[in-house]
């Protein structure tokens, strides 16, 4: 299998870590994807990882001429959807940085292009499903360790540090809820396996250290089917003196116990147990290698295209709720996770640019 790579933003380590597990899979071609990203820098990155791909100056030429089976997309956030659509039109599988779309209108176009392509497969770089602690906690929940899931609380906290210019405008960033919050919102959906029903979110740009429209804090409250409740806390307020860049946490409360992920540890307490247990984290699967297995027909990956669409919709609707300061409602018109997103009492149509959103 020949792999193409477009762009140099986000979680490219997922691609290279996966390739290290797949010696027969070749990184055949790369393109910068944007004038902002120097092609020479991307080539040097690949060479440092032990690959010698062909370099293209235009990503469309790569798609046309490089003999690619699967393309990894990590270009500018606002180009994720157009790049995916170009690949779908050529019958290529896609592994894309999240969010795959930064507006609801883009997401509708992406779904249509994916469905029209027929045979291609899609996944996203939401690799925290494969983090050993979160994977182990998910297995406990899936196997009934805490009974029926009733309540979930998720946290994503990062250091702000220095951010490139594209983080500072909604048009090129997409918003902190879809970028940072997507992992936590994915945990909510993955652990509960329940459709989203409503969301109310808020956000703030105050204290963003001169980063224009970058939101540095946000809260989302979701209601899911079966009266499951979930909250997501998102911030760039982690002190620079903290020992790690991020502080990821999850608490899942069920009818027979509670499981928590904190500081890489998995803690379980059960109604029938003898107190809190620390469970050894483990996960032998890897997000990109897993997707290759799926494309080649060996096993289903942990993250499906439907999951990608559902979580992206939830992120964008939460962002819209925060922009418009109102509760938003998911209205499911077809079976499965695909939904029509509308606002409670709002007159605008789904996918319409929110008033005052800056993008």
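Overview of results
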item: Among the residues listed as 78, 13, the single one being touching a helix residue (DSSP H, G or I) at 6+ places or on another chain (Cβ under 9 Å) and without any contact (Cβ under 8 Å) to a residue 24 or more places away in the chain; result: 13
item: Matching entry among 250, 267 (being in the same structural domain as residue 185 (by TED's automatic domain parsing) and without any contact (Cβ under 8 Å) to a residue 60 or more places away in the chain); result: 267
item: Within the range 110-185, helices (runs of 4 or more DSSP H) holding 1 or more residues that are surrounded by fewer than 16 Cβ atoms within 10 Å (Cβ to Cβ), in contact with a helix residue (DSSP H, G or I) (Cβ under 9 Å, 6 or more places away or on another chain) and in the same structural domain as residue 199 (by TED's automatic domain parsing); result: 132-142, 170-173
item: Identity of the residue in the range 296-318, surrounded by fewer than 17 Cβ atoms within 10 Å (Cβ to Cβ) and more than 18 Å from residue 131 (Cα to Cα), that ends up nearest to the chain's Cα centre (by Cα); result: 306
item: Pick from the range 255-278, criterion in contact with a helix residue (DSSP H, G or I) (Cβ under 7 Å, 6 or more places away or on another chain) and crowded, with 17+ Cβ neighbours inside 10 Å, ranking: farthest from residue 151 (Cα to Cα); result: 266
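Let's see how each residue does on (1) outside any helix (DSSP H, G or I); (2) at pLDDT 95 or above; (3) out of contact with any strand residue (DSSP E or B) (no Cβ under 9 Å at 6 or more places or on another chain):
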| position | (1), (2), (3) |
| --- | --- |
| 43 | no, no, no |
| 71 | yes, yes, no |
| 79 | no, yes, no |
| 84 | no, yes, no |
| 87 | no, yes, no |
| 99 | yes, yes, no |
| 105 | no, yes, yes |
| 108 | no, yes, yes |
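The values are calculated or read from the model by the stated rules, or taken from the named source; none is laboratory data. None of the values given here were measured: they were computed from a predicted structure. Note that each Cβ is placed from the backbone with ideal geometry, even for glycine, and that neighbours are counted across all protein chains shown.
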